[in-house]
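Notes to accompany the following structure.
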């Protein structure tokens, strides 16, 4: 997997345990559950989806196959909405 993070014009704002992403270009908000929020935080810290997956396996009680599927799905959705940049 390529290394990615959110674009500079995408803002992550925590709201309790959940969060929203705001695309400053379009004004669109995206609600994130706690796992998605943590994925975004980790991507913005290290950019490496493999490191993100390894960290999440330690932080959440989730099967590796389910985590892999959820991570790929979120990355695809973020990319499809133009919220990610390759680093």
* To do: Considering only the range 9-35, state which residues are outside any strand (DSSP E or B), at pLDDT 95 or above and either over 15 Å from residue 81 (Cα atoms) or touching a strand residue (DSSP E or B) at 6+ places or on another chain (Cβ under 8 Å) (or both).
  => 9, 24
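Taking the range 47-87 as the search range and keeping residues that are assigned to a helix (DSSP H, G or I) and in contact (Cβ under 8 Å) with a residue 40 or more places away in the chain, which one is nearest to residue 11 (Cα to Cα)?
Step by step, filter the range 47-87, then rank; the result is 78.
The values are calculated or read from the model by the stated rules, or taken from the named source; none is laboratory data. Only a predicted model underlies this, so the values are computations on that prediction, with no experimental measurement involved. Using ideal geometry, Cβ is built from the backbone for each residue, glycine included, and neighbour counts are taken over all protein chains shown.
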